[in-house]
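Below you'll find the structure, written out as structure tokens, and then a few comments.
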Amino acid sequence: MQSPAPTSTDAAPRQELATLMEAAGDVVFRLDLDGRILFASRRAALLIGLAHELNGTLLSDLAPDTDQPALQNAIADTGQYRQPVRVEARLKTPEKEIWFELRLNSFEQSASAAEELLVVGRDMTAQHATEERLRHMATHDALTELPNRLLLSDRIRMVIAQARRSGQGFSVATVGLDGFKKVNDGLGHPIGDAVLRQAGQRLRKVLRDSDTLARVGGDEFVAVLPGTFSEAQIKLVTGRLLATLQSPFEIDNHTIYVGASIGVSIYPQHAEDDNRLLALADAALSRAKETGKGRAITYSQRAGGPPQHDISLEAAMFQAIREGEFLLYYQPIVDAPTRQIQGFETLMRWKHPGLGMVPPARFIPIAETNGLINLLGAWALKAACVQLKQFEEVAKRPLYISVNISPRQFRNDKFLEVLDDAIAFSGVPGEQLVLEITEGTLMIDPAHAETILGKMAERKARIAIDDFGTGYSSLAYLKRFPISVLKVDRAFIKDLPESTKDAGICNAVLDLAKHMELSVVAEGVETEDQLHYLEQRGCQYIQGYLTGKPMPANVALAALKENLYEAFMPSDLRAGGQ
Ligand code: C2E
Ligand code: MG
Ligand code: MG
């Protein structure tokens, strides 16, 4: 922004500037170097309070305690370093609080006059509310309002960190309702739902505030119990949990009895990570159910846990690389309004001589653990770029290619070399390459992620957040990182348009994307109804079985010749997909 020309009587240009800003929907303040308001634009006065109350007040006095230091620092920094500063702050109005993004600039009135600050603010309240809603939806179970599986894992990891520091163990108890299916089938879902809600409330009441209670599935709850690890302690708590579910539930003139069984695992005795602790508590729960219900059982080796690893598959992978059994399939991503193919997502397949097509969900996690993913991922990236060239030759127009990057690949210090090699070898310009990463990948080490993403941006490659909405993290990263695309997970698409909750989430994501100028790809679109719903709400890109299953390159080429997504639809091609 240009500073106003220095004049001794500059009220007119300042007024002009303020008018301009108001027209752009911004609020404007002029502050002295102490942060006192000298002038507040009409819009600011309207939003925050009466004009005469604003003039003379310290701007930071309008912010709640928690935001004050940030705002005060921003004011001081702007004055001192004469650099524009951007800060997010809430300002209190008599009735509510409004989130603003404030841009502070210093300017001199004249050589002799004191310096002032010009502050331009944009109302971000709606965006904050959307973020808050999304965050809550992503981390809580809609029925009971308890934390969901994602937040649960996060809490367990937190408790593990505390336990490491304190040297004290803790336990995880999975509570399964006995006979819940009978209630649901016999009395209907609304009553079943009411039982689950009340059961959640009862369990919550007998736990301490520092314990976490989550709902993780149909009739299963998980309690994380910091500091509870001895046999006696566990017996006490599980006894309370069992007892509270024993008294009948009175719902709509029905008296309903449901008991519970509990499986417990202990950190660090049984396992040292969240997934394994949950899996072992679950194994113990199954055993409690098999051996008579209504009781709590702590995991023991003899009870047998889930298999650690598919060792035979792992051994076969090394051989498979040598034999060239890995292939790439391509799934079209289409423009919703025109239904024209814009690009493809590259999806890896393993054609195992005995097992047939092994899906990536089975082999990628193993490759991620043993490091083979670096090799496979580098190959996929390069091969996909080369393939794109051939796609474009046939389509006679630019397309883009999307490639999944796993957390381990992203963290690998050779990753940028791999990327450069793929770009140089294929001659695909960076901007036609989309790299799909999950929220989880970014959050492992945000500082490192920022550096790598910056380097990707230098190469013009675009970043897509895969499975958006399923990772537990703050949305603040959307601002911090140079992200271009959100891929909304199939979980939020599959029950559209009937599910009002999923519709709410999709709308919120589309809204957010619009504000942040991001593209949205809806994943897993299977029906015309879903496509129509999404298109109507401004979702531009669609990927799903409706517009094309993942397919071998030659099938994709044949379809590109037709230039229409219908080309994918004949049943012989459909059968060739997956
Ligand atoms: P993703 O990246 O989220 O890929 C989308 C998945 O949804 C694919 O599963 C695709 O086949 C499936 N899908 C697409 N449309 C529909 C639909 O309409 N209905 C249903 N039910 N499913 C649909 P796929 O190919 O089994 O891949 C699973 C995951 O494996 C991928 O999820 C990705 O995370 C990972 N993956 C696949 N290829 C690679 C790769 O080359 N590298 C890495 N690191 N991961 C990969
Ligand atoms: Mg993907
Ligand atoms: Mg996905």
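Laboratory data are not the source of any read-out in this text; all were calculated from the coordinates shown. Source: prediction; values computed, not measured. A quick note on method: Cβ atoms are made from the backbone with ideal geometry, for glycine too, and the neighbour counts reach across all protein chains shown.
Once you reduce region 130-144 and region 146-188 to the center of their Cα atoms, the two points are 18 Å from each other. Mind grabbing the base-10 log of I(q)/I(0) for the chain at q = 0.05, 0.07, 0.10, 0.11 Å⁻¹? Debye formula, identical points on the C-alpha positions, no solvent, two decimal places. Those come out to -0.30, -0.58, -1.08, -1.20, one per q.
Computed extension gain for E498 through I321, at 0.36 nm per residue and net of the alpha carbon distance, reaches 59.3 nm.
What's log10 of I(q)/I(0) for region 143-303 at q = 0.08, 0.11, 0.15 Å⁻¹, Debye sum over Cα points only, no solvent? So the normalised log intensities work out to -0.21, -0.40, -0.74. Expressed as a whole number of Å, what is the distance separating the alpha-carbon centroids of region 255-284 and region 449-486? Using only Cα atoms, the two centres lie 35 Å from each other. Cβ crowding within 10 Å, taken as a proxy for footprinting-reagent exposure, orders F29, F221 from fewest neighbours to most as F29, F221. Dipole magnitude for region 143-303: computed about the Cα centre from +1 point charges on Lys and Arg Cβ and -1 point charges on Asp and Glu Cβ, it is near 380 debye. For region 227-254 and region 56-101, compute the distance between their C-alpha centroids and round to whole Å. If you average the Cα positions of each part, the centres end up 49 Å apart.
Of all beta bridges DSSP finds with both residues in the chain, what is the antiparallel percent, to the nearest 5? Walk me through the numbers before you get to the answer.
Working: 66 of 92 bridges.
Within the chain, antiparallel bridges account for around 70 percent of the total.
Count the net charge of all other residues whose Cβ sits under 9 Å from the Cβ of R90, scoring Lys and Arg as +1 and Asp and Glu as -1. Each step should come with its number before you reach the end.
On the way: positive: K92; negative: D67, E88, E97.
Once positives and negatives cancel, what remains is -2.
Over all directions, the projected convex hull of the C-alpha atoms in region 329-568 averages 12.9 nm² in area.
Electrostatic bookkeeping for Q80 treats Lys and Arg as +1 and Asp and Glu as -1; over the other residues with beta carbon under 13 Å from its beta carbon, the sum is -2.
Relative contact order, percent, of region 246-370 when contacts are C-alpha pairs under 8 Å separated by at least 6 residues? It comes to 15 percent, rounded to a whole number. Given R₀ = 25 Å, FRET efficiency for Q168-I444 by Cβ-Cβ distance, to 0.05? Working from the Cβ atoms, E equals 0.40.
In a fully extended conformation the segment linking N370 and K181 would gain 64.0 nm over its present Cα-Cα distance, using 0.36 nm per residue. Toward the positive end of the charge dipole of region 67-205, with +1 on the Cβ of Lys and Arg and -1 on the Cβ of Asp and Glu, the farthest Cα among F100, L203, T78 is that of L203. Working from Cα pairs under 8 Å separated by at least six residues, relative contact order for the chain is 9 percent.
Applying 1/(1 + (r/R0)^6) with r as the Cβ-Cβ distance of Q246 and D511 and R0 = 51 angstrom yields a FRET efficiency of 0.65. This model, with +1 at the C-beta of Lys and Arg and -1 at the C-beta of Asp and Glu, gives the chain a dipole about its Cα centre of some 1360 debye. In order along region 404-412, the Karplus-derived 3J(HN,Hα) couplings, from 6.51 cos²θ - 1.76 cosθ + 1.60 at θ = phi - 60°, round to 7, 10, 7, x, 5, 4, 4, 7, 5 Hz, and Gly and Pro are given as x.
Scanning the chain for DSSP H helices at least 27 Å long along the axis (C-alpha atoms) with a Kyte-Doolittle mean no lower than 0.5 picks out 372-395. Per the Kirkwood formula applied to alpha carbons, region 64-123 shows a radius of gyration over Rh ratio, Rg over Rh, of 1.04.
Along the axis of the charge dipole computed for region 143-303 (Cβ charges of +1 for Lys and Arg, -1 for Asp and Glu, origin at the Cα centre), the listed residues G292, L150, I266 are led at the positive end by I266.
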